[in-house]
1. Among the residues of segment 242-265, write down those that are touching a Ser or Thr at 6+ places or on another chain (Cβ under 7 Å) and farther than 21 Å from ASN296 by Cα.
2. Of everything in segment 266-303 that's assigned to a loop (DSSP other than H, G, I, E, B) and of a type in the set (Gly, Ala, Ser), which residue is surrounded by the most Cβ atoms within 10 Å (Cβ to Cβ)?
3. From the list PHE165, PHE160, pick out the single residue that is among the aromatic types (Phe, Trp, Tyr), touching a Lys or Arg at 6+ places or on another chain (Cβ under 6 Å) and assigned to a loop (DSSP other than H, G, I, E, B).
4. Tell me whether segment 304-312 contains one or more residues that are of a type in the set (A, V, I, L, M), at pLDDT 95 or above, crowded, with 20+ Cβ neighbours inside 10 Å and more than 27 Å from GLU170 (Cβ to Cβ).
5. Of the conditions (1) surrounded by fewer than 21 Cβ atoms within 10 Å (Cβ to Cβ); (2) in a loop (DSSP other than H, G, I, E, B); (3) touching a residue at least 60 places away in the same chain (Cβ under 8 Å), ALA256 clears all except one; give me its number.
6. Exactly one of these conditions fails for GLY225: (1) touching a residue at least 40 places away in the same chain (Cβ under 8 Å); (2) among the small types (Gly, Ala, Ser); (3) more than 30 Å from PRO94 (Cα to Cα); (4) not in a loop (DSSP other than H, G, I, E, B). Give me its number.
7. Which one of these does SER167 not meet: (1) under 29 Å from LEU337 (Cβ atoms); (2) at pLDDT 95 or above; (3) touching a helix residue (DSSP H, G or I) at 6+ places or on another chain (Cβ under 8 Å); (4) among the polar types (S, T, N, Q)?
8. Give ILE383, ILE327, ILE378, ILE357 a once-over and let me know the one that is modelled with pLDDT of 95 or more, more than 26 Å from PHE280 (Cβ to Cβ) and either crowded, with 17+ Cβ neighbours inside 10 Å or not polar (S, T, N, Q) (or both).
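The values are calculated or read from the model by the stated rules, or taken from the named source; none is laboratory data. Quick caveat, the model's predicted, so the values are computed rather than measured. Glycine gets a Cβ as well: all are built from the backbone with ideal geometry, and neighbour counts include every protein chain shown.
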Amino acid sequence: MKSKIIPLLCTAVLCFSGCVQKADPLENIPSQVVSVIEENEIEEESVLLTGNEIIDETAMLFADENALFARAKEICGQMSLEEKTGQIFFVRFPESGVLEEIEEYNPGGYIVFGRDFENSTPAEFKEMTAECQSASDIPILIGVDEEGGTVVRASKYPQFRAEKFKSPRELYDEGGMEAIEADAAEKSRFLKSLGINVNLAPVCDISSDPDNFMYERSIGLDADGTSMYAVLVQNAMKENGMGSVLKHFPGYGDNADTHEGESRDTRSLEYLSENDLVPFAAAIENGCDAILVSHNIIEAIDGENPATLSAQVHEFLRNEMGFEGVIVTDDMAMGALEGIDIGDAAVKAVLSGNDLIITSDIQTQYNAVLQAMKSGEIGDNRIDEAVCRVLLWKLKMGIIE
């Protein structure tokens, strides 16, 4: 049985003072997606159960969730300031010296890229991930961007897979949602066999412009179709032991590539709530554990800061959309943050409400955050909140037993 506690995510929508225009994205979840979520819950909770037994089983789910959270708090309470700092970093896998880096920084996890597969074999790669886990005092997240299509890190190399995974668009055109669901399950088993426990997917962005960089990475459907896609992929990944990270909140649309530089989203909050936010709302209602925030400047919420570094955007995600899981930054080395001191960016990312920072410079950003914690700029409550969310995610996935 899945440990998903949905009711808390679907209750009252709180007032968000940072927006002039009030909108409720939860109202726009398509009915067919809600049906999928409800059917999934009934199937999970009603096996051999009827009547009051279902209520008792729901109470057990809450008790299990509370027990995991208590365990996360217990682990966090035993950690040093340095260990807590490391736990909030999701680090690009280094070309050399990974075991020494684990010993020094105790990172929350690593993200592997194409170069880490290119000159390796499946057996060698699995051995490497096992060595990393053994070297870490706290089991680590090992993540990858294996979206399919234009973004594949492992399956592009024939020694790992005869054919690279197809894009969501191609899969949908060939076999609809059944093909999407089967692919997500196969992909999860493939990655898990290599020692990977997190796939930074699915892409929940809605793009209609073939010339836009996000077009080929999206499934190519409207808000309703993309919502169904997000829920099915999320469920298939969870059922096959793979952590998911939905991206890129609050949705790129057809805006510019933040790998290259600044991108401003000038669309209204009403438009976003009826379109781009809908897949994220559906996934949150379905119990998603992690969401990645983009570097776009969302003028309807905060016209000054990239979403990654915006407290208002994070408050919106927490308060308006009811998300209680891990908020992950997009890669902090991307062009949209050029001109911002890399250490200052990491500190601001934590203060804005991120729980996990994707970094290519662990030394600089770790030391900046650690110093900010020692000086009191980052309070104990903020760092403990972030660390507990990361630990809870690991506990729910079984990475920490």
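1. Within segment 242-265, MET242 is the sole residue that qualifies.
2. That would be SER294.
3. After applying the criteria, what remains is PHE165.
4. yes
5. Every listed condition holds for ALA256 apart from (3).
6. (1)
7. Here SER167 clears every test but (3).
8. On the way: ILE383 fails: more than 26 Å from PHE280 (Cβ to Cβ); ILE327 fails: more than 26 Å from PHE280 (Cβ to Cβ); ILE357 fails: more than 26 Å from PHE280 (Cβ to Cβ).
Residue meeting the stated conditions: ILE378.
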